[in-house]
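Laboratory data are not the source of any read-out in this text; all were calculated from the coordinates shown. Given the structure is predicted, the values throughout are model-derived calculations rather than measurements. We place every Cβ from the backbone using ideal geometry, glycine too, and count neighbours over all the protein chains shown.
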Amino acid sequence: MARSRDLVAGLGTMAAITVLARQLPAFAADWRGLFRRTVEDAALHPDQTLPAWHNHLLIFRGVALAAGLSWLIATGGGLAQGGPVFAPSALAPNLNRLNPISRLGQLFSLNALSRALKSLLPTAVIVYFAVAVLMREWHGLPQLLHGAGPGVMGFVGSRMFEVAWKASLVLLLWSGADYFLERWHHENELKMSRQDLRDEYRQSEGNPAIKMRIRRLQRQSRRRRVLKDVERAAVVITNPTEYAIALEFRMEMEAPVVLAKGRNLLAAQIREVALWHGIPLVENPPLAHALYRAVEVGQAIPPHLYAVVAEILAAIWRAQARASQTADARSAAVGGA
C-alpha cells in the first residue's frame, strides 16, 4: 500500500507542538519549582546524591500528554493511509538485515538519493523561516543583554515556538504532497506492462499463435470439405479467373443448389477439381458475380436466375448427349470391324 512516513511524522510533530504550546506556562512553572527544590535540597542535605523526583512527577504530564497525543494522531494518520496491515513475515529473523554491505548498498542507492533530495526542500524552507525570524529580531537582540531573566526566556521561548510551529506546518504540507507522490508512484508500479498484458491475455483467452493456427486448420478443413463437395457438381460457373461457383442439380431437385463458391485461390482450386473430375466449366462473368454475391453455400439459386442456369444446364446435357452418341457410334464401328 502507498504510505508516507513523512505524513505520519508531520502529523505527530504538529500535535506535539500544539499541546506543548498550550501547556507551556504551567510546564515552565513546574520545572522552575523542580529546579528551586533541587538546589534547596542540595544546600540543606549535601549528603543526598539524587534529587527527589518522586515528589515532582506532575512535571511530566505535559510531556506525557504531548507524546501520547502525538502517538495517537500519528497512528491514526498511518491507519488512514491504508488501514491496518498485519505482516508476520516482517518479524521473522533475517540475517541479511545485519549485513553491512546490504545497508551500504541501500545508503548509496537511487532510492536513498531520491529520499535525500526530497528532504532537502522542506529543510531549506525551515531554515529560511528560522533565518527570517532571526533577521527580524536582529536589532533587538543587544537589548536582551540588559533584560531580566524571565523576559529573556519569554522572548526566546516565543521565537522558538514560532519557528517550531512554522516548521511543523511546512513538514505537514510537504508530507501531504509526499503522500500523493507515493500514491501516484505506487499506482504506476501496479500498472501492468505490455508484456504482462500479453501474458494475461494468453492465460485468459489463449495463446494468439495457437488460436491463429487453430483458425488456419479450421479454414483448411472447411476448404477440403468444399473441394470434396465440388465433385458432385453438375457445372462450375467462372468469372473466368476471379470467381468460381459450383452448382448441383438433379431431376428430383426443385432448383440448382450452390455446392461451393470461392475467389482467387479457392476459385482456382475449384476449377482444378472440376477439370480433374470432368465437370463442365462455363465462363459467364455476370452470372458468376450474381451467384457469388446473392447465394450462400447450400442455398438454392434465386428464381430470377432459373432461366439462365437452365439454359446452361440444357446446353451441357445436349453436349453430353452428343458426346455419348458419338462414343457409342465409335464403339459400334469398332465392334463391327
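Quick rundown of the values:
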| read-out | value |
| --- | --- |
| Cβ-Cβ FRET estimate between Leu217 and Asn96, R0 fixed at 56 Å, reported to 0.05 | 0.60 |
| Sequence of Leu44, Leu247, Leu173 once ranked by neighbouring C-beta atoms within 10 Å, starting from the fewest | Leu44, Leu173, Leu247 |
| Three-way shape call for the range 186-312 based on the alpha-carbon gyration tensor, with the a/c threshold at 1.5 | prolate |
| Reachable lysines from Lys118, criterion Cα separation under 25 angstrom, eight or more residues apart if same chain | Lys166, Lys191 |
| Spatially proximal aspartates and glutamates relative to Lys228 (Cα-Cα < 16 Å; intrachain offsets below 8 disregarded) | Glu248, Glu272 |
| Restricting the range 258-304 to GluC sites (Glu not before Pro) in coil, as DSSP defines it, with at most 14 other Cβ within 10 Å | Glu296 |
| Extended-chain gain in nm, criterion 0.36 nm per residue less alpha-carbon gap, Leu190 and Glu252 | 15.4 nm |
| Computed E for Arg322/Ala209 - FRET, C-beta separation, R0 56 angstrom, nearest 0.05 | 0.50 |
| Added length on full extension, which subtracts the Cα-Cα distance from 0.36 nm per residue, Arg22 to Ala43 | 4.2 nm |
| Linear extension gain, Arg293 paired with Glu272, 0.36 nm per residue minus alpha-carbon span | 5.4 nm |
| Pairwise FRET efficiency - Ala64 versus Leu173, Cβ, R0 = 30 Å, nearest 0.05 | 0.60 |
| Cut-off under 5 Å, modelled amide H: who pairs with Val235 long-range | Leu247 |
